[in-house]
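Step one of this worksheet: look at the structure below.
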Ligand code: KG4
Ligand code: ZN
């Protein structure tokens, strides 16, 4: 079965053709990072406009590179939630038009489910149930993946997402947007013990995260230093930030896995590219005898292949949409089928 997957939830316009979910025939990603860099973050209206300009070319290229024609495609999958509403609307309307014009089924895909599905592409042997840590620019979740299409959130961030925290700390240290990857590089040159950063306590759920206090501590340290005419050592602070975020994400995931009886752990989302998170999770999974699955770096960020893959599983589960499909900015992953 051939699926065309379309993604436009943030600052990447992406499309992919995949066969039976996991065999990627093509994957095209047009990123807008250079343009948003000037503003230090994603400007929603610019993102929508660029998606509008790029989407036809990206989809055409994905079809060409796959060696398949539009007629041969069996279903059209698209990210409809969550994300920047204007950005999502471009992909949703494009996919709706294509589905209506060709008479092919339209398959709605939740962006986080897509990130999780990137692991099925890399590890075809991976089967639910398992526990997944999803950390991206907009989300930090611990999710029970009960089946390919059934999810239960057991922990989430109360404020900033892990990726957002990486990016805001990076900005305070003078790195360009998106800063996560710069923190990653700089931290390999720094001493994480040089700065002591707060590890937040979250009242209520022991599996929930909070990153805003950490972000504020870094920003305050940088400002206080500059008021005294001093500078913060960016490599040392990057190393401290990376170690703190990695420890928070991994310790809560391991705790949840132990409590809930999961021995299979999966990592997903843009922050899954972070070397500190990957190393810490690998180390802790080894200690606990847990099996660990992580996406390759090429599938960590937003891409169309993960949407095509999750689109395949959704279609198999009978999840399709009609012309009434709308984009939704906020949509919990465990409220999909209710
Ligand atoms: O999943 P994603 O591409 O987009 C969203 O759905 O949000 O995640 C983007 C986030 C950004 O915050 C980016 O800085 C972060 O992932 N990121 C990283 C690394 N690579 C990407 N954070 C830390 N270390 C990295 N190597
Ligand atoms: Zn994403």
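The values are calculated or read from the model by the stated rules, or taken from the named source; none is laboratory data. Please read these numbers as outputs of a predicted model, since none were measured by experiment. So basically every Cβ, Gly included, is an ideal-geometry build from the backbone, and we count neighbours across all protein chains shown.
A few comments on the model shown:
- Selection status of residue 62, within 16 Å of ligand 1 (Cβ to nearest atom) and at negative phi: no
- For segment 178-194, the candidate set comprises residues that are surrounded by 20 or more Cβ atoms within 10 Å (Cβ to Cβ) and not in a helix (DSSP H, G or I); within that set, the residue that is nearest to the chain's Cα centre (by Cα) is 178.
- Qualifying positions in segment 293-319 - farther than 23 Å from residue 31 by Cα and surrounded by fewer than 17 Cβ atoms within 10 Å (Cβ to Cβ): 316, 317, 318
- Residue 40 being away from ligand 2 (no atom under 16 Å from the Cβ), at pLDDT 95 or above and not in a helix (DSSP H, G or I): no
- Members of segment 243-277 found to be over 19 Å from residue 156 (Cα atoms), away from ligand 2 (no atom under 16 Å from the Cβ) and part of a helix (DSSP H, G or I), listed by number: 243, 275, 276
- Counting only strands (runs of 3 or more DSSP E) that sit completely within segment 129-175, those holding 3 or more residues that are crowded, with 24+ Cβ neighbours inside 10 Å and in contact (Cβ under 8 Å) with a residue 40 or more places away in the chain correspond to 130-135, 140-147.
For (1) away from ligand 1 (no atom under 16 Å from the Cβ); (2) in contact with a helix residue (DSSP H, G or I) (Cβ under 7 Å, 6 or more places away or on another chain), each residue gets a yes or a no:
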| residue | (1), (2) |
| --- | --- |
| 79 | no, yes |
| 96 | yes, no |
| 99 | yes, no |
| 103 | yes, no |
| 107 | yes, yes |
| 115 | no, yes |
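- Test for residue 96: is it crowded, with 18+ Cβ neighbours inside 10 Å, touching a residue at least 24 places away in the same chain (Cβ under 8 Å), farther than 30 Å from residue 179 by Cβ and in contact with a strand residue (DSSP E or B) (Cβ under 7 Å, 6 or more places away or on another chain): yes
- Candidates 117, 77, filtered to the one that is within 16 Å of ligand 2 (Cβ to nearest atom), crowded, with 24+ Cβ neighbours inside 10 Å and over 13 Å from residue 4 (Cβ atoms): 117
- Taken together, the residues in segment 117-128 that are more than 16 Å from ligand 1 (Cβ to nearest atom), touching a strand residue (DSSP E or B) at 6+ places or on another chain (Cβ under 7 Å) and either free of Cβ contacts under 8 Å to residues at least 40 places away in the same chain or within 25 Å of residue 167 (Cβ to Cβ) (or both) amount to 1.
- Residue match in segment 264-272 (condition: modelled with pLDDT of 95 or more and either over 27 Å from residue 183 (Cα atoms) or surrounded by fewer than 17 Cβ atoms within 10 Å (Cβ to Cβ) (or both)): yes
- Residue match in segment 52-71 (condition: outside any helix (DSSP H, G or I) and buried (at least 22 other Cβ atoms within 10 Å of the Cβ)): no
- Qualifying residue in segment 197-204 (condition: within 21 Å of the chain's Cα centre (by Cα) and either free of Cβ contacts under 8 Å to residues at least 60 places away in the same chain or not in a helix (DSSP H, G or I) (or both)): no
- Screening residue 297 on (1) within 16 Å of ligand 1 (Cβ to nearest atom); (2) under 27 Å from residue 210 (Cβ atoms) shows it passes everything except condition (2).
- Which numbered condition residue 261 fails, given (1) more than 13 Å from the chain's Cα centre (by Cα); (2) at pLDDT 95 or above; (3) on the phi < 0 side of the Ramachandran plot: (3)
- Here residue 269 meets the list (1) on the phi > 0 side of the Ramachandran plot; (2) within 13 Å of ligand 1 (Cβ to nearest atom); (3) over 15 Å from the mean Cα position of the chain (by Cα) almost entirely, failing just condition (3).
- Looking across segment 292-315, the residues that are outside any helix (DSSP H, G or I) and closer than 20 Å to residue 141 by Cβ come down to 292, 293, 294, 295, 300, 301, 302, 303.
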